[in-house]
Amino acid sequence: MKIDHNSNKPLHLQVEELLRQIIESEEYKNGKYLPNEVDLSAQLNISRNTLRQAINKLVFEGLLTRKKGVGTKVVKKGIVGGVKNWLSFSQEMKMLGIEIRNFELHISQKLPSEEIRDFFNITDPNKKCIVLERLRGNKDYPFVYFISYFNPNIPLSGEENFTRPLYELLEKDFGITVKISKEQISARLAGDFTAEKLEIDANDPILIRKRFVYDVNNVPIEYNIGYYRADSFTYTIEAER
């Protein structure tokens, strides 16, 4: 790690560029602590104020986190979702190069709530929906618990191979092509049930992502709720004026 003290580029910008390279390296990208400020500033032959100026910029951007008396840590890369291009969960993970593991997979028939009945336009209060519950994550730990209710007009039997990508299954087996996803994002504490699923504490934060999925004919297909570990999911919104 070197800084060019003869360059016209300000030192703090050089340090910022260097830290960005460090953050993306294999050694640090999963959340390792940086060397302490005294050692790092001495190694680069810069003042601690110059180093802090660069660190503060990256803390503001959410790339680093700093804790007094502990040190500065690279923020672990999380799952990134957004509204610019709608992708299925499997597609999102494939794009990020994350190999998905199913920790749990359950199929059942349940009576939907009033909100779900309204979404599917179900008039019979005794009409049940096929429900798919999946606990999913990477090879090391689960980071999202999904519950999907399906429109009862889809002739699902519950015997389908739900280890296949869901929307591929719907398209190839039932001729249903999904097109639109309307989403709601909220946050809360995990609670005992979800905490046990996601292997976190009950008082840890989670993000709740509701998806209302429609096909090409604007027919409601899936009501999906995802409970995400907050340390493993980032939601981005891009707006253009």
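The table below gives the values:
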| read-out | value |
| --- | --- |
| Whole-Hz couplings from phi, Karplus 6.51/-1.76/1.60, listed for the range 115-123; x for Gly and Pro | 4, 6, 4, 5, 5, 8, 6, 7, 9 |
| Cβ-based exposure ranking for 47, 157, in which fewest neighbours within 10 Å come first | 157, 47 |
| Exposure proxy ranking, count of Cβ atoms within 10 Å, fewest first, for 50, 72 | 50, 72 |
| Fully extended contour minus Cα-Cα distance, from residue 225 to residue 160, at 0.36 nm per residue | 21.3 nm |
| Rule-of-thumb Rg ratio for the chain [Cα; 2.2 N^0.38 Å; N residues] | 1.29 |
| GNM flexibility winner over the chain from 69, 158, 175 (Cα, springs under 10 Å) | 69 |
| Percent of beta bridges antiparallel (DSSP, the range 79-236, rounded to nearest 5) | 90 percent |
| Hz values of 3J(HN,Hα) by residue in the range 168-179 - Karplus curve (6.51, -1.76, 1.60), Gly and Pro given as x | 5, 4, 5, 6, 6, 8, 10, x, 9, 10, 7, 9 |
| Length gained when the stretch residue 107-residue 153 is fully extended (0.36 nm per residue, less Cα-Cα span) | 14.9 nm |
| Too-long pairs where the Cα-Cα distance tops 25 Å, listed order kept, from 68/139; 2/73; 110/210 | 68/139 |
| Long-range HN-HN contacts of residue 143 with modeled amide H, under 5 Å | 136, 137, 138 |
| Largest to smallest principal axis extent of the C-alpha atoms in the range 134-241, angstrom | 45, 42, 24 |
| Over the chain: helical MRE at 222 nm, DSSP H runs n ≥ 4 each giving -39500 (n - 2.57), nearest 500 | -8000 deg cm²/dmol |
| 3J(HN,Hα) from dihedral phi, the range 214-223, Karplus parametrisation 6.51/-1.76/1.60, rounded to Hz, x for glycine, proline | 10, 8, 5, 9, 6, 8, x, 10, 9, 10 |
| Whole-angstrom Cα spans of the range 11-74 along principal axes, big to small | 27, 25, 21 |
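Readers should treat all values here as calculations from the given coordinates under stated rules, not as data from a laboratory. None of the values given here were measured: they were computed from a predicted structure. No Cβ is skipped: glycine too gets one built from the backbone with ideal geometry, and neighbour counts run over all protein chains shown.
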